[in-house]
Each structure stands twice: as structure tokens, then as C-alpha cells.
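Comments concern the structure below.
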């Protein structure tokens, strides 16, 4: 039983006890008062009647008439005249008296009033004795009426006392709701803080739990910062600050493999042909300063366009990748000009003199319109380098255009709108099923990416191939709603738990959230089998909207997680109070985990952070049994990818 209910019962019991005590005392007091008054009345009446008889002739008939008149004039139980020997001379007894008070009441509250007795004188001798007793039924009636009135008044006062006491106690214990909520959240590994109440007892508890939450949050932040540093040391070039070769390749491969978000992109590779001569002329330290400036310039370019990221493939080779369609010539010229201009504008202090640096960019080339069908970034880069060897001149850009995609041409907005609308109208939609399993091989849920059939009997398109146009045409809400409806229908027909990707547009769309909550509420029995997951990037770009999204879904019993975790590890501590169910770790960290000791340490730290805030960890893109075995040893709870079968 909750503390609030116990307090309510205590208040009710105390009020009832006080009211009952007051009621009983009032009734007993009234009883004693009536007994005293009846006794005094009996004595007074007996004395008065005896005095009158003492002054009258002692004719029995006359005395009997007087007794009858007195009996009829008052409420008596009996009046009796006896001689000195105790023989009855005259007597009147009321045999028909009744009380409106119930019998149980008269038995429970019995009125015992002493009768009145007085001697009658005849001159100097005693003529007889008069004794009388008032009718107690009259007193019972008065006592019963008084008791009923007191009971009603006591009940009214009790109700008012309970109401006022409830209001007062609710205000007094209102901070307890926050304390209970905080305690519940901590029990669910959600370390929230609350305002410290003024009540001394609650203040001590709330302060202690707030300190616990702050300590946990600080620990998570410190661990996240440590992991971020570990991630940087393992995956980034220490001189330029750009991604190193292996991590950049893994990121490109991961982007290409995410068919739900990737349809086409651009890969740019460029080489500093005179890096060796610069190193000889400037010295190692100055050359590193120059490389750092190049890295900063490329990193700033990527920050200005979040679809770009850059890496240093080797000492002389740099690469920039766009995971969204972009004009390859424009990107190539921007990066090429950026690097050349660094040499023209930057000066480095050499032997107390500023020396202008000239950078030669040679064998610069791009591959545009990458398709998910392409195997790996390593092969792409090798292909670029093999074609670039034919070029001898410096500062030359070459674009190799891949036009092997079989999708509908992207230059027809009207056509795309017609095709997507038709697919949604005729419900040519389905969800794929990719298993996510735990360490014991048991199913956690099925990842269920959406597929649209744009033309009847035609190809089923992955989300990455149509989602850009759906967003431009404001059709994402319809797509999201139909995906949810399809998932609910599948679950109602006996499907196993389903994991749905949720876009940033969806979590920021109040209309979609309202529709989503309505659909789940109408199908409450399958709510726990719905797993909603949002990409790490979308979570931290729209954190307040994600908090609201998460709070409302969790209230209905659905599960919420984040996917593609790995690029923003330092901010994971900010999720400590959301009660998320799982995180999926990006394939760029998982790839070759069996042989990458640095990423093993990083992954162990991620598991620790996730477990400390109540989340399970799931590895994405698992390909081999060796990766699977390594992940089990590290402590990852689940896995999915090409190498996983249900």
C-alpha cells in the first residue's frame, strides 16, 4: 500500500476516532445530566406532594384524588402512598408508556434515576410515605433526539475535517509525489533531479537522491568524455584531427550499407604531391602545423555541411565523403581550392622568417552517385587512384560518374509525387524482417525497414531511394503513418516484435505523434511489441522533441532506443533520465571488432554507460562469427547484421 493511502487511512481513522469519542462523551454526558435532573425532579415532586398532603384532611379518597390529579398532570412512572407499616394506601402506575428510541439504544444507554420519597405528617405523628418516579421514556426520547442531532453534526464535522485535512495533507505531502517519482525513476535507472522541498523529512530524502543523481550523471559524463578521448585516439589522425584510414573507410562502408538512409553520394580523394619536399624545407614541426591547418579547414567544411565528413587516408592522401547526393564538380573544386588557398595565404615561421607555403594538389578525383550495391570504400578509393595515375599534371580534378542506378530519375518531381502517392494510396508497402538477437540467440525484435513498390509489379524500393523525395514533397507523414499501421497489422496477425526506424521529421511533427499515440492506444495489447528507434544524430539535433516523443511512447508501454551510436559518445550522459530501452552501436565501431583492441575498449565503455542507465546494447552490421564471438566476450547484449540469422 502506498504511503499516500496509508496517510489517508490514518487521517480517516483519527477523525473517526475523535468523532466517535466526542459522540460517546456527548451521549454519556447527556445521560448523566438527565439522570440528575430526573432525580432532582423526583425529590422535589415527592417533597411538594408530601407537604400538600400533610396539610390536608387525611381522608383516603381525597388523598387518592390528589395523587391521581398529580399523576395525570406530570410524566410519572408511578406514585405510591403507603402507611408507616409499608401497606399501600393508594397507587398510580403508568403501564402504557413507550419510547421512540430503539430498544438497543435504551439497553445500551440505560437511564437510572433514583425516585423521590417523602413522609406525610398528621400532626405530630407520621401518616404515611409518598414515593414517586418520573417516566424515563420521556428522557429516552430527549436523549435519542439529542443523540441523532449530535451524530449528524459529528458526521458533518468529520466530513469537513476529512476534506480539509485531505487538502492540507495533500499540500504538505505534495513534495512526496516528486520524491516517489524520483525514487521510481532511479529504480528504472533514470537519474533525475527534483526541487528540494521545504519539509525537513522530505528535504533530507530529496537532497540525498539528488546527490545520487548528480553523482551518477557526473560519472556518466566523465566516462563519456573518457570514451570520446579513447575514440579520438583510436580512430582519428593525431596531427590533422581527421578520421584515420580505417575509421574513415568503416564510416563510408557504414553509410553505404544503411540502405534506409543512403541512396547516392560523392567520394573525393586528393593528394598533396609536394608533401615530402615541404617536410624537407620546412621541417617536421612546421609541416605538422600545416597539416593541422589543412585538417581544420576540411573539418570546418564538414561542419558547414553535416552530410560531409573527411579523413586522412595516408600521409599525403585526404578524402571527403558526402552521404547525400551533391554535385561532384562543385564539391571537388571547393575542396581543391580550399587546400590550394591554404598554401597561398598561410605563412609559417622558419628560422625567424615567415615562409609562404605552396601546396600542389595532384591526382584529385571523385566518384559521384555511389550506390548501395557498391561493395566497399576500399575498392572505390583504389579505383580512383588507379584512374588518377594516368594524370601527370597537378591541381587537376577528375569526376568518375556512376550512372548504374536503376531507380526512377531524380529530375522529375511531378513523377515522383505521382509514384509515391500511388504507392501509398494502393498500399503497395511492406516491411522487411531482419532479426536482432541476444547472446543466447533469442529474438529481441525484427528490424523492419520500409519498402515501397512505386509501380505495380515493379521493383520494391528501399527507403534511401525515395525518402529524400518524400521529404521534399511533404509526404513523410503519410509514409510514417502507413509504416506504423502496417506494423500494427502485422503484430495483430501474430508477428514477432517489430523495430521501426523513426525519422527526425516524425519526432518533430505533432500531428504524426498524435496519430501514432492514437493508433497505439487503440491497439494497447501489442504496444509492448513495438520498438521505435531514432538515429543518434537526430536525437541530439532534436533532443527536446525526442524527450517528448520518448516520454509519451514509454507511457503506453512501447520501447524506445537509439541507433547508429558512435559519433556523439560524449553526449550520451544527457540521456540518463529518459528510460531508453536499448542503443544500437554503429557498424563503423563494430567492423573488425575481433582484431581492433582500441574499439574493444571503446565498446566496453559504451556497454558500461548503457547498462548504468538501464539500456541494453546491440551491435549493428555484424558479419562474421569471429566478430560475434568477440562481441559476446565484450558484453554486448544483442546483435544484428548480415551475419545474424534468427
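The values are calculated or read from the model by the stated rules, or taken from the named source; none is laboratory data. Note that the structure is predicted; figures quoted are calculated from it, not measured. Cβ coordinates were reconstructed from backbone atoms using ideal geometry, including for glycine residues, and neighbour counts include every protein chain displayed.
Among the residues of the range 227-238, write down those that are surrounded by 14 or more Cβ atoms within 10 Å (Cβ to Cβ) and either in contact (Cβ under 8 Å) with a residue 40 or more places away in the chain or within 35 Å of the chain's Cα centre (by Cα) (or both). Quick ask: steps written out before the conclusion?
To start, the set of residues in the range 227-238 that are surrounded by 14 or more Cβ atoms within 10 Å (Cβ to Cβ) comprises 227-228, 230-232, 234-237.
227, 228, 230, 231, 232, 234, 235, 237 - these are the residues of the range 227-238 that are surrounded by 14 or more Cβ atoms within 10 Å (Cβ to Cβ) and either in contact (Cβ under 8 Å) with a residue 40 or more places away in the chain or within 35 Å of the chain's Cα centre (by Cα) (or both).
Among the residues of the range 13-42, count how many are touching a strand residue (DSSP E or B) at 6+ places or on another chain (Cβ under 8 Å) and either without any contact (Cβ under 8 Å) to a residue 40 or more places away in the chain or under 30 Å from residue 166 (Cα atoms) (or both).
Number satisfying all stated conditions: 0.
Considering only residues that are buried (at least 17 other Cβ atoms within 10 Å of the Cβ) and in a helix (DSSP H, G or I), which ones fall in the range 188-205?
202, 205
Quick one: in the range 57-70, of everything that is free of Cβ contacts under 8 Å to residues at least 24 places away in the same chain and exposed (fewer than 13 other Cβ atoms within 10 Å of the Cβ), which residue is nearest to residue 124 (Cα to Cα)? Break it down into steps so the answer makes sense when it comes.
Taking the range 57-70 and keeping what is free of Cβ contacts under 8 Å to residues at least 24 places away in the same chain, we get 57, 59, 61-62, 65-66, 69.
From what is left, the residues that are exposed (fewer than 13 other Cβ atoms within 10 Å of the Cβ) are 57, 59, 61-62, 65, 69.
Values: 57: 14, 59: 17, 61: 22, 62: 21, 65: 24, 69: 27 Å.
Checking each candidate, the answer is 57.
Conditions (1) assigned to a helix (DSSP H, G or I); (2) in the same structural domain as residue 20 (by TED's automatic domain parsing); (3) without any contact (Cβ under 8 Å) to a residue 40 or more places away in the chain, marked per residue:
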position	(1), (2), (3)
152	yes, yes, yes
168	yes, no, yes
176	yes, no, no
186	yes, no, yes
216	yes, no, no
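Inspect the range 244-255 for any residue being within 35 Å of the chain's Cα centre (by Cα) and without any contact (Cβ under 8 Å) to a residue 12 or more places away in the chain and give the result as yes or no.
No.
Go through (1) modelled with pLDDT under 85; (2) loosely packed, with under 11 Cβ neighbours inside 10 Å; (3) over 15 Å from residue 135 (Cβ atoms) and name the single condition residue 95 misses.
Failed condition: (3).
How about the range 553-584: which of its residues are part of a helix (DSSP H, G or I) and in contact with a helix residue (DSSP H, G or I) (Cβ under 6 Å, 6 or more places away or on another chain)? Explain how you work it out, then say what you get.
Here is the first cut: in the range 553-584, the ones part of a helix (DSSP H, G or I) are 553-555, 569-575.
Matches in the range 553-584: 569, 570, 571, 572, 573.
A quick yes/no check of all residues on (1) at pLDDT 85 or above; (2) surrounded by fewer than 17 Cβ atoms within 10 Å (Cβ to Cβ):
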| site | (1), (2) |
| --- | --- |
| 254 | no, no |
| 266 | no, no |
| 274 | no, no |
| 277 | no, yes |
| 280 | no, yes |
| 283 | no, yes |
| 296 | yes, yes |
| 307 | no, yes |
| 315 | no, yes |
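So which strands (runs of 3 or more DSSP E) stay within the range 409-476 end to end and still have 2 or more residues that are at pLDDT 85 or above, within 24 Å of residue 529 (Cα to Cα) and out of contact with any helix residue (DSSP H, G or I) (no Cβ under 7 Å at 6 or more places or on another chain)? Please lay out each step first, then the result.
Working: elements: 429-431, 434-438, 443-447, 450-453, 460-462.
The strands (runs of 3 or more DSSP E) meeting that bar are 434-438, 443-447.
Looking at the range 71-78, is at least one residue closer than 24 Å to residue 125 by Cα, assigned by TED's automatic domain parsing to the domain that holds residue 125 and in contact with a helix residue (DSSP H, G or I) (Cβ under 8 Å, 6 or more places away or on another chain)? Working first, answer last.
Residues of the range 71-78 closer than 24 Å to residue 125 by Cα: none.
No: zero hits.
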